[in-house]
Structures are given as C-alpha cells and as structure tokens.
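Just below is one structure, and these are the notes that go with it.
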There are 2 protein chains.
Amino acid sequence: MAQKPSIPKGTRDFSPLEMVRRNYIFDTIKGVFRMYGYMPIETPAMENLDTLLGKYGEEGDKLLFKILNSGDFLSKADKALLEAGDSGRVTGQISEKGLRYDLTVPFARFVVQHQNDLTFPFKRYQIQPVWRADRPQKGRYREFFQCDVDVIGSDGLLNEVELIQIVDEVYRQLNIRVVVKLNNRKVLAGIAEIIGEPNRMVDITVAIDKLEKIGLQKVNQELEDKGLSNEAISKLQPILALSGDNFSKLNALSSVLAYSEVGLKGVDELKIVLNHTKSLGLNTPVEVDLTLARGLNYYTGAIFEVKALDVEIGSITGGGRYDDLTGIFGLKNVSGVGISFGADRIFDVMNQLDLYPTDVTAATQLLFVNFGEKEAAFALKIANTMRKNGIRTEIYPDGAKMKKQMNYADKKGIRFVAIIGESELNSNQITIKDMNAGTQETLSVENAIQTVVSGL
Amino acid sequence: MAQKPSIPKGTRDFSPLEMVRRNYIFDTIKGVFRMYGYMPIETPAMENLDTLLGKYGEEGDKLLFKILNSGDFLSKADKALLEAGDSGRVTGQISEKGLRYDLTVPFARFVVQHQNDLTFPFKRYQIQPVWRADRPQKGRYREFFQCDVDVIGSDGLLNEVELIQIVDEVYRQLNIRVVVKLNNRKVLAGIAEIIGEPNRMVDITVAIDKLEKIGLQKVNQELEDKGLSNEAISKLQPILALSGDNFSKLNALSSVLAYSEVGLKGVDELKIVLNHTKSLGLNTPVEVDLTLARGLNYYTGAIFEVKALDVEIGSITGGGRYDDLTGIFGLKNVSGVGISFGADRIFDVMNQLDLYPTDVTAATQLLFVNFGEKEAAFALKIANTMRKNGIRTEIYPDGAKMKKQMNYADKKGIRFVAIIGESELNSNQITIKDMNAGTQETLSVENAIQTVVSGL
C-alpha cells in the first residue's frame, strides 16, 4: 500500500516560486554583507552535543534535536536508567550529536578551532538553517533560516555603526520600512546598580519591557512582586519616565547614572554610535529604547532590535555585542558584535506587503513546441543558440498535442513560444508567438533572437 | 574548564576561501540549470522515517541518521526490548525522523505531495546537503552536498539529450575535461534475457564491470562462481567482445539482442540519444559503456556516469531514467530522468587542477585605515560613496597601529588602502595606496573612486 507522503511538523518544502523569492532576499542580504567586507563561512548541521549543551539555558537543551548514535546504541546505555525510564539521563548515553540550534555557538566554536588560520578582526556571515524542537505555530518553525553577520576580535564601536548601516542598506534594498531600537547592556547594568539591585538586571528589564503594554502602575507592582525594595522602585521612577529624543534621553540618563561607572560607559557608547549614524544620514530611524533587553545573557554592550513598521510581526533582526563568547571554548578576551536577520520573518513581511520586484523570477522565457523528431532535432540546435544569447529556453520534451504544450507555456508563465513546423523547417525559419501580446511572426533565427531579447 | 572544540567526524567547516570557491561551482551549475528551464526547490533536512526507510536497501537503512524523539522518549519504548538491548527494534520506538540521505527520495515525496500544484513535465533542481553514517574516509563525508536536476512526467528522450547537454555545458564552464558514459537498463535486461538468465542482470553487470581491471578470463570465472550456466557464459562472449565506436557497438548489439524486445528497445533509445548529441556537436565525448550499471535499482532506461579525464576520482556526476520512482508514494506511471552532480568531488577536482578563474573571490577591495575618531567619521562617509560605486570597502574598526592595519590589508589580500590623516582631512582628499604596485597618490574623492575602480 502506498504511503501518504508528509513532512515532519514545523518543517517546510519550498516551491520554485518560494525559492526564487527567498533567494532574492538572501542574495540582497549577502550583497550588502560583501560590500562591507564580510565573508561567508558554513559549519556542519551536526555539532557534538558537548558543543551545544549548556549554551542555551535549560529550556534550550531540551529543544535541541539529538541524533541517535549509530549501530548498537543501547550497549552504552545504563540498564538501570533504561529500566527506570529516565529519558533525560539516557539521552547523553545514546546520543553524541545534535542539530545546530543557532549560528552563534557554532561560530564561536569555529573561531576558536581555526583561530590560527584567521585574520582578526574576523568578519564573517553565515546563512544556514537551524533546528529547534519548539512547539510549531504560525510563523514559528522547527527548521528555519538564520542570516548572521559578526565581526570578532575588535571592540571598536565603528563595528556597531557598520551593523546599523548594514541594516539600513538591506531594508532600503528590500523596500521594507523599519526602525532600529538600540540599547546597551552596560546602561541596564548601571540602572540595576544605581537602584541598589545589581544582580536583578534581567528582572528589572523584563518589567520595564512591559511599560507600554501594561502601564507604569502594573510595572511597579510586578517589580514589587519580584521582591524589589520600595526604595529601589522609587529610584527607578525617573528612568521609567525618560522621554524625548535620543540625546535628551541620554543626557537625562547621564545624570541618573552619575554614580555608576559602567552605566556612564554605556551612555557614552550609545552617544558615539548615535553621533556616527546621525552624521551618516541613514534612511532608517535609530531609537534608544531602554526597555530593550534581549534574552541572551552573553551580551555585554550594544543591543539591537529591528522592527518592521508596516507589519505586526515582532523583531525581524537583532543582535548585540558580546565580550566573551569564545571563552567557553578556551579563547578569552575576544570581543565581538553581530546581528542576525530573521529570514523567515522577512520572507513573511515581503509576502504580506508584496514587495518583490516584478523581475524576481527565474522562469523560462522561451518554449520550443515539439512536433516530432525531425522538428525537435532542428529546435535543439536553435535552442542552444538562444541560450548562448542568455535566453532561458526549453524544448517541450514530448511530441504532445499542441494544446497541451501551449497550456504548459501558459501555466509556467513563459512569455515566448517558438513554433517549428514543416514550413519553418523548409525555410529555416521560426515562428515566434508572444504570449502576452497574442501576436506571432515567422522570422529568421537572427531576427527571432532579437525579437525575444528585446521583448524580455 | 574550557572545552577543546571539534566537530563530528566526517563533517567539515568551510572557510571563506572554500565557500567562495564552492559557491563558484554551485553558481555555475545553477546558471546552466536555469538556462534549460529548471527551477529550484528545497525540502527539509528531516523527513519522517517512514519516508526514508526501505528506499536505500538494508545497508541504507542502517546509514540513516535518526533523530531522537523529544521529551520522554523512553515512555514509548518496549521495556522488554530495552532490557534485551535490541537497539534495532527500539530505534523505531524512540525515533520518528531521520536526516535526508539523498535528494531523490525527498524529490519523489515532494512531487506526490504537491502533485496538484505542479505543472508537468516538472523540471526541478535541488542543491542541499545530505547525511550518511558511512565510515568517513578520504573524500567521503558524513555530510556532503548533492546537486540534482530532474524532469518528471515525461518519457521523451529529449530529456536525456538535454541532461547530456547540461553536463557538457557545466563542465565546459568549469573547465574540467570529462567523458560521459552512457548505457541503458533495457539493454542490460535484454542481455540477461538473451543468455537465459533474466533475473541475474545485476550479477552479470557487476562482473562485466570488472572487464578492464581483471580481464576476460577472470570475469568468466566470476560469472561461473555466481552460478551462471556455461551456456549462458558462452552466449555472453560476443557481448564482452564488443568494440569500436558507439554506432558499431550498437549495430553489433542489435544482432545479439535480435530476439529480446526490451533489449532492442534499449538499443533504439541509445541510438536516438546519440544521434541528437552527435548532431549537436558537444565538446564532451559520449561513449556507450555496456559495463555501466549503477547500483540503484529504480533505474529503468538510460543510465549516465561522468568521469573526469585528468584526475583519478571515480564518477563526478551520474543518474538515469526511472519509470516508477513516485509509485511508492502512491503516484503511479510517472516517468522521470535526472542526474546528480557530486559537488564535493567536483570541488576536489577543481582544487587539484587549480581551475578557478583568478577573479573568484569576494574579498574586500579597499580598506580605510583608521587614525582615530575624527578621521574615521570622515572615512565612514567616503566609504559609503565607494560602496555605492560597487567597491567592497572596509574601515579598520579600531585606531590600531598603522603597521597592524597594513598587515591586516596584506593578509586579507586587499588591493587598495585609503589613508586619511590630518592633512587629507583638511584638504578633503584621500591618499590611495596600491598594495600591488606599491605606489600611492593623494587624490580628490572622485579621482580616488576612479583610481580604485579602474585598478580592480
């Protein structure tokens, strides 16, 4: 009995149309990366589990797809644990490899492993799928693509400026209106320090993050629920009340953080970056957003998030600076900064707003109708000449009914159809039918080429 | 303690140089595919195990990488089997997904699953990694790339002709000298039939395959060892003795196979394909090779193999016609034909023969030296202008020592270095140093652009 074919939930097939559109997005992004001197790398889909485990928190460890060891994998498993049904502890005994969960940890592993072959600052981009055993839902997949761009081995703030330029240029080319939200982990650390809760940075930021949604009163309630002292909460109020443009926010922040060294350093870093982006005159607005925290705890400086203005979809690009990403693999004190473009969300935005240029297609431009062996032999040669002239050309492979062949051209959106029957064969000519205009002409090969080329 | 980073055996990291070279190969192949009207698709890395199992033989089933179910996977496993350590039978209880093993089975699954959305004949290409738990060895990897091109839903022999044209064009562009070996499964079936051993086609072909290596006598011995009758072996002798060019081989074969309908059909198919490729005047020699069998038992017509002439590396491209690939997924009587380019072997050949054009690089073309914040702010703007003129441009992100920055340019093979010091800043000029020529000039921005553009 035949199987009913399907694919694992949360994964996708990509049709030709989807591929062409996705490639348009990827090619645009890559083109910008390259203009700024970033070079591509790729890492394997499978990493050793000890490279991946412990890097994404407890929840992340659970969401890793693990590869079953080959052969008699049970022989290495502890009988007692098997009997007890202890899946968690058995996992490590029957699985040594996992699928990559993001591109950041493999990148850190790559940099450490190949450090002697790399020139620092090392600027790389990487566009590959990643896998997470998350519950699939609309817009969230178990296999999805990340486009990461990072520079490692430099703490200069020009790198941050450059990444914002890249965001600006990518979305200008893709025609998506966005805003860049900018914050700095040092500022967040400074705030926590100033209010006397230096270890509660994350709790505080998570609460601040909800300001717009739930209002000041509820934010304060949440902070209290989390055990922050009344004194700390009251010290936080001037920060929650900050408003105005970037530079007025930063000036106010400078006063509030006057006694936090790290906080002032953060403010200073933000100022330098913003001065540069301002004088570059970018299309994209860049906004200081103190509620921006980003979950990943390896960030130590700038943090970025990019939001589309015309679609409700959350962040479509994000990243930040990390001062010790490679430390876990044995390479200390190497600072880097990077961002990740969310290819699948960008794809959704482009589709929703229908932002593809009309020439984003790789479809056939000319189809030779097939009337039989003799005609096809003639068509084969002329088709070759057409291809040499850059025209994407097919010959219908079977001597099927004319109607079927024309239907094929129509369904595939092929603009021109070439007809070679007996009379064309005898006169060494081709009849070219323009499917858009509905017109047709019988022409010499040279004129036929010209007609097709100039019509495309 | 820091981990010593490594990757699973049989997998690879690709450095920027390797990526650029591999992309050159992929882009060349894709460009040719598109010229012939093939469109890209992609399928997920993970497929359901029931899609994959049983499609690659018993050995193939073992070589599939299987994904461990998430969560409490042991709860679905049979206690008795766990206790007995029966890894084989436990596998199916704790794993439902596997990594794709080739692109052919996922393609068949794709065609059946999306049959109502596709226009037939459906011409697709697919370039993705595949995974096999093979023993890694030189030139054989556990993660490697396949580039497949197939047309499905047409039994016209023009498809075979077209695939040979594609091989010819790809290797002409890549500058690799190759020969196409051509055979037909129907001919092999005919031979088995004629010698009275219709079910021994594979044994016979495997033996014939060794003719060049071990000689006629040993081939006959092997056939005897495999249980072929003396009569069958003696009937086989005229076929083993076939020589000369394609058409004399085929003519001789026509007499030998005179009483095999399927055999004659195979000879006829070969003749039609060869007549077309001959009149097209390809660069690549196409040779009928009766010893060519190819292991995969879904082939039913033409079979191809492409060998590089200047490197000992085995087949670098291969494929054939299959009349019922989609049958297993419930779509009967759909014939197709396709070939697979072995990207990793092509990469090895290109490296060994050093066949890359000199401009295969995506490296930075211009580096702005960084003397500090004021100079960098000026450089940022001019760098933007450079990029708008198509020049891949970097600014060194830190105010490091001049020597370090020049060293960076040197190591990365950057041709031009732009120097903006105080005097340049005051005169609104740039000093451009040509690292190849060792010369330098102080120029206006416009002239600097021109110097760089014309120097590249």
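At a glance:
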{"read-out": "Qualifying residue in the range A:41-50 (condition: crowded, with 18+ Cβ neighbours inside 10 Å, free of Cβ contacts under 8 Å to residues at least 24 places away in the same chain and out of contact with any Gly (no Cβ under 7 Å at 6 or more places or on another chain))", "value": "no"}
{"read-out": "Filter result (more than 7 Å from every other protein chain (Cβ to nearest Cβ), in contact (Cβ under 8 Å) with a residue 60 or more places away in the chain and not charged (D, E, K, R)) within the range B:1-16", "value": "B:Gly10"}
{"read-out": "Search result, residues across the range B:267-289 that are closer than 28 Å to B:Tyr56 by Cα and outside any helix (DSSP H, G or I)", "value": "B:Val288, B:Asp289"}
{"read-out": "The range A:118-133 residues that are facing chain B (nearest Cβ under 9 Å) and without any contact (Cβ under 8 Å) to a residue 60 or more places away in the chain, paired with ones that are part of a strand (DSSP E or B) and surrounded by fewer than 19 Cβ atoms within 10 Å (Cβ to Cβ) (beta carbon under 7 Å, 6 or more apart)", "value": "none"}
{"read-out": "Selection within the range B:9-23 - part of a helix (DSSP H, G or I) and polar (S, T, N, Q)", "value": "B:Asn23"}
{"read-out": "Number of positions in the range B:114-152 that are among the β-branched types (Val, Ile, Thr) and under 22 Å from A:Gly71 (Cα atoms)", "value": "1"}
{"read-out": "Residue within the range A:403-416 that is within 17 Å of B:Val161 (Cβ to Cβ), among the basic types (Lys, Arg) and more than 8 Å from chain B (Cβ to nearest Cβ) present", "value": "no"}
{"read-out": "Residues (within 16 Å of A:Thr442 (Cα to Cα) and surrounded by 17 or more Cβ atoms within 10 Å (Cβ to Cβ)) located in the range A:396-423", "value": "A:Phe416, A:Val417, A:Ala418, A:Ile419, A:Ile420"}
{"read-out": "Some residue of the range A:438-453 being more than 22 Å from B:Glu162 (Cβ to Cβ), in contact with a Leu (Cβ under 7 Å, 6 or more places away or on another chain) and outside the structural domain of A:Met19 (by TED's automatic domain parsing)", "value": "yes"}
{"read-out": "The range A:149-193, residues that are charged (D, E, K, R), within 14 Å of another protein chain (Cβ to nearest Cβ) and either surrounded by 23 or more Cβ atoms within 10 Å (Cβ to Cβ) or within 25 Å of A:Ile25 (Cβ to Cβ) (or both)", "value": "A:Asp150, A:Glu160, A:Glu162, A:Asp168, A:Glu169, A:Arg172"}
{"read-out": "Set B:Leu282, B:Leu257, B:Leu250: member being without any contact (Cβ under 8 Å) to a residue 60 or more places away in the chain and surrounded by 16 or more Cβ atoms within 10 Å (Cβ to Cβ)", "value": "B:Leu250"}
{"read-out": "Test: residue in the range A:170-177 that is outside the structural domain of A:Asp268 (by TED's automatic domain parsing), among the hydroxyl-bearing types (Ser, Thr, Tyr) and not in a strand (DSSP E or B)", "value": "yes"}
{"read-out": "Single unsatisfied condition, A:Leu264 versus (1) surrounded by fewer than 18 Cβ atoms within 10 Å (Cβ to Cβ); (2) touching a Leu at 6+ places or on another chain (Cβ under 7 Å); (3) free of Cβ contacts under 8 Å to residues at least 60 places away in the same chain; (4) part of a helix (DSSP H, G or I)", "value": "(3)"}
{"read-out": "Test for A:Pro285: is it more than 23 Å from A:Val151 (Cβ to Cβ), of a type outside the set (S, T, N, Q) and not assigned by TED's automatic domain parsing to the domain that holds A:Ile166", "value": "yes"}
{"read-out": "Boolean, B:Leu292 is crowded, with 24+ Cβ neighbours inside 10 Å, aliphatic (A, V, I, L, M) and part of a loop (DSSP other than H, G, I, E, B)", "value": "no"}
{"read-out": "Residue list for the range A:269-283, restricted to those being touching a helix residue (DSSP H, G or I) at 6+ places or on another chain (Cβ under 6 Å), of a type outside the set (A, V, I, L, M, F, W, C) and either farther than 21 Å from A:Ser243 by Cβ or more than 14 Å from chain B (Cβ to nearest Cβ) (or both)", "value": "A:His276, A:Asn283"}
{"read-out": "Test result for B:Lys30, more than 30 Å from B:Gln165 (Cβ to Cβ) and not acidic (Asp, Glu)", "value": "no"}
{"read-out": "Near pairs, Cβ below 7 angstrom, 6+ apart or cross-chain, from the range B:202-223 (free of Cβ contacts under 8 Å to residues at least 60 places away in the same chain) to any residue that is surrounded by 17 or more Cβ atoms within 10 Å (Cβ to Cβ) and part of a loop (DSSP other than H, G, I, E, B)", "value": "B:Ile204/B:Glu197"}
{"read-out": "Filter pass, B:Arg200 being of a type outside the set (Gly, Ala, Ser), more than 14 Å from chain A (Cβ to nearest Cβ) and under 15 Å from the mean Cα position of the chain (by Cα)", "value": "no"}
{"read-out": "Residue list for the range A:365-395, filter: more than 19 Å from A:Gln440 (Cα to Cα) and assigned to a loop (DSSP other than H, G, I, E, B)", "value": "A:Gly372, A:Asn389, A:Gly390, A:Arg392"}
{"read-out": "Selection from the range B:323-346 of residues that are polar (S, T, N, Q) and out of contact with any Leu (no Cβ under 8 Å at 6 or more places or on another chain)", "value": "B:Thr326, B:Asn333, B:Ser335"}
{"read-out": "When residues of the range A:297-343 are limited to those that are within 20 Å of the chain's Cα centre (by Cα) and among the charged types (D, E, K, R), the one nearest to A:Leu353 (Cα to Cα)", "value": "A:Asp310"}
{"read-out": "The listed residue being within 23 Å of A:Ile339 (Cα to Cα), more than 10 Å from chain B (Cβ to nearest Cβ) and surrounded by 23 or more Cβ atoms within 10 Å (Cβ to Cβ), out of A:Leu103, A:Leu99", "value": "A:Leu103"}
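The values are calculated or read from the model by the stated rules, or taken from the named source; none is laboratory data. Note that the structure is predicted; figures quoted are calculated from it, not measured. Methodologically, a virtual Cβ is constructed for each residue, glycine included, from the backbone with ideal geometry; neighbour enumeration extends over all protein chains shown.
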